[in-house]
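Visitor: Shown below is the structure under consideration.
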Amino acid sequence: MKIKILTENLAHGLRTVSRTASQRSTLPVLGNVLMSTDEGRLCLTTTNLETTTICWIDALIEQDGAITVPAHTLTDLVGTFPPEQVDLELDSETQTLNVRCGGTRTKVKGIEAGEFPPLPEPGPGSEIEISAANLKEMIRKVSVSAASDQGRPVLTGVLMDIEGNTITMAAADGFRLSEGKAVLSSPAPEPIQTILPAQALDEWVRISSNDEGVSMTFTESRVVFKTERIWLASQVIEGSFPDYKQIIPTEWQTRAVLSTEAFSRACKRAAIFARENPGSNTMVLNVNGTVEVSGHSDETGSSRTVIDAEATTEGEALKIAFNVRYLLDILKVLDTPNVAIEMSLSTSPGVIRPVGSEDFLHVVMPLALSDGEGET
């Protein structure tokens, strides 16, 4: 293998795939990036066996070949290079990649390409098209509610439900729930329902761009996201996703419409003190003609913000407590100027909706209010 490539192209490709490489596997080759020539381009591939990322980049291929080298070592190395040409040449006898850029000469020891796991093939299955921007926006809003605890694997995933020309995604960790919808470029050939790892979807958001379409191919065990230069293949999570729709309240008794930015700032202030409450991060929302957001700690003090000029309220007065971290997680991914929060009782879930958009909602479970909490 003998290749000439621009530093910026190689660096971009390595950044795209490197995070999928496993850093703790007992199989050393899973920490490597497979570098192979493919029809006049350089193909970079990494995998952790559950998720595989492939990126094709432009290069001058003088001699075909393939090698695997430590992904993070090569990424860090190329990140130090000036914006010049990089020469890559494989010594097949020693499985060493010779890397040259300017006055730098480096030898990176590798493992034979044949040791790398077989690459995923989309295979026969249902295929749909969707705008990359719409897919990324939906993933960003929904995946925040996926669980990080592996105790219930299905809750670490995102439910993807496709019927007709509508795609619905949902995630829930037992304390909060997010649901988003988008319209497909064309109707799906058949209904599809699968659970995908939230980490794999978040990785797709990181590596893909907004200015192209995405093709998704579904099989029983895998989903492959494809654009012209990037593929990401993910194993599906086996199991049944909870019937989350029964959790979503159908009516409210108290509703407040707030500036998204003002609400977020108030929550951040409350969080400074709420984080001192071990395990709860308790924030109190008091709706009574005005909207008050407060956080309290016996050790460090308290904060109370009245959002009166930038809020409107309807219905009954209500005081309710939430985990402020959950509110901040969702507020930072909403892009509408205003949000609505709908509630019924201090012991019932609250629903957050972006005002002006009907394609997303977020449900958050309340915390128990102690006597006098919310008063500063």
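Visitor: Within the range 19-41, work out how many residues are under 20 Å from Leu97 (Cα atoms) and touching a residue at least 40 places away in the same chain (Cβ under 8 Å).
Guide: Qualifying residue count for the region: 10.
Visitor: Output the residues belonging to the range 301-331 that are outside any strand (DSSP E or B) and either under 33 Å from the mean Cα position of the chain (by Cα) or of a type in the set (Ser, Thr, Tyr) (or both).
Guide: If the condition is that a residue be outside any strand (DSSP E or B) and either under 33 Å from the mean Cα position of the chain (by Cα) or of a type in the set (Ser, Thr, Tyr) (or both), then Ile307, Glu310, Val324, Arg325, Tyr326, Leu327, Leu328, Asp329, Ile330, Leu331 are the ones that fit.
Visitor: Out of the residues in the range 7-27 meeting the condition of being hydrophobic (A, V, I, L, M, F, W, C) and in contact with a strand residue (DSSP E or B) (Cβ under 6 Å, 6 or more places away or on another chain), tell me which one is farthest from Leu44 (Cα to Cα).
Guide: Top of the filtered list is Ala21.
Visitor: What are the residue pairs meeting all of these: first residue in the range 117-143, first residue charged (D, E, K, R) and crowded, with 20+ Cβ neighbours inside 10 Å, second residue in a strand (DSSP E or B) and modelled with pLDDT of 90 or more, Cβ atoms under 7 Å, and 6 or more apart or on different chains?
Guide: Cβ pairs passing all conditions: Lys141/Ser178; Lys141/Gly180; Lys141/Phe360.
Visitor: Then there is this: Quickly run through the range 332-376 and pick out the residues that are among the aliphatic types (A, V, I, L, M) and crowded, with 20+ Cβ neighbours inside 10 Å.
Guide: Leu334, Val339, Ile341, Met343, Val351, Ile352, Leu361, Val363, Val364, Leu367
Visitor: Still on this structure: Kindly provide the set of residues from the range 283-310 that are buried (at least 22 other Cβ atoms within 10 Å of the Cβ) and modelled with pLDDT under 90, ordered by number.
Guide: Within the range 283-310, His296 is the sole residue that qualifies.
Visitor: Okay, moving on. Residue under question is Pro70, and the condition is that it be touching a residue at least 12 places away in the same chain (Cβ under 8 Å), more than 23 Å from Leu201 (Cα to Cα) and loosely packed, with under 13 Cβ neighbours inside 10 Å; does it hold?
Guide: Here the answer is no, as Pro70 does not meet what is asked.
Visitor: Residues of the range 77-89 being free of Cβ contacts under 8 Å to residues at least 60 places away in the same chain and farther than 13 Å from Thr104 by Cβ, which ones?
Guide: none
Visitor: Which residues, taken from the range 275-306, are aliphatic (A, V, I, L, M) and either farther than 23 Å from Ala317 by Cα or touching a Lys or Arg at 6+ places or on another chain (Cβ under 8 Å) (or both)?
Guide: Answer for the range 275-306, where residues must be aliphatic (A, V, I, L, M) and either farther than 23 Å from Ala317 by Cα or touching a Lys or Arg at 6+ places or on another chain (Cβ under 8 Å) (or both): Val284, Leu285, Val287, Val293.
Visitor: Residue check, Asn98 against (1) closer than 24 Å to Pro249 by Cβ; (2) touching a Lys or Arg at 6+ places or on another chain (Cβ under 8 Å), all met but one. Which one?
Guide: (1)
Visitor: Which of (1) touching a Leu at 6+ places or on another chain (Cβ under 6 Å); (2) under 30 Å from Asp87 (Cα atoms) is the odd one out, the single condition Lys109 does not satisfy?
Guide: Result: Lys109 fails condition (1) only.
Visitor: Okay, next question. Going through the range 150-171 one residue at a time, which ones are touching a helix residue (DSSP H, G or I) at 6+ places or on another chain (Cβ under 8 Å) and in contact (Cβ under 8 Å) with a residue 24 or more places away in the chain? Don't jump to the end; show me each part of the working.
Guide: Step one: of the range 150-171, the residues touching a helix residue (DSSP H, G or I) at 6+ places or on another chain (Cβ under 8 Å) are 150, 156-159, 167, 169-171.
Once the filter is applied, which keeps residues that are touching a helix residue (DSSP H, G or I) at 6+ places or on another chain (Cβ under 8 Å) and in contact (Cβ under 8 Å) with a residue 24 or more places away in the chain, the range 150-171 yields Thr156, Gly157, Val158, Leu159, Ile167, Met169, Ala170, Ala171.
Visitor: Yes or no: Ser357 within 30 Å of Ile139 (Cα to Cα) and in contact (Cβ under 8 Å) with a residue 40 or more places away in the chain?
Guide: Judged against the criteria, Ser357 is not a match.
Visitor: Among residues belonging to the range 8-30 that are touching a Gly at 6+ places or on another chain (Cβ under 9 Å) and assigned to a helix (DSSP H, G or I), point out the one that is farthest from Leu232 (Cα to Cα).
Guide: If we take residues in the range 8-30 being touching a Gly at 6+ places or on another chain (Cβ under 9 Å) and assigned to a helix (DSSP H, G or I), then Ala11 is farthest from Leu232 (Cα to Cα).
Visitor: If I go through the range 250-300 residue by residue, how many of them are closer than 19 Å to Gly356 by Cα and either under 28 Å from the mean Cα position of the chain (by Cα) or in a loop (DSSP other than H, G, I, E, B) (or both)?
Guide: 11
Visitor: Would you list the strands (runs of 3 or more DSSP E) that sit entirely within the range 36-102 and hold 2 or more residues that are among the polar types (S, T, N, Q), modelled with pLDDT of 95 or more and closer than 13 Å to Gly13 by Cβ?
Guide: In the range 36-102, the matching strands (runs of 3 or more DSSP E) lie at 41-47.
The values are calculated or read from the model by the stated rules, or taken from the named source; none is laboratory data. Keep in mind that what you see is a predicted model, and the values were worked out from it rather than measured. Glycine also receives a Cβ, built like all others from the backbone with ideal geometry; neighbour counts cover every protein chain displayed.
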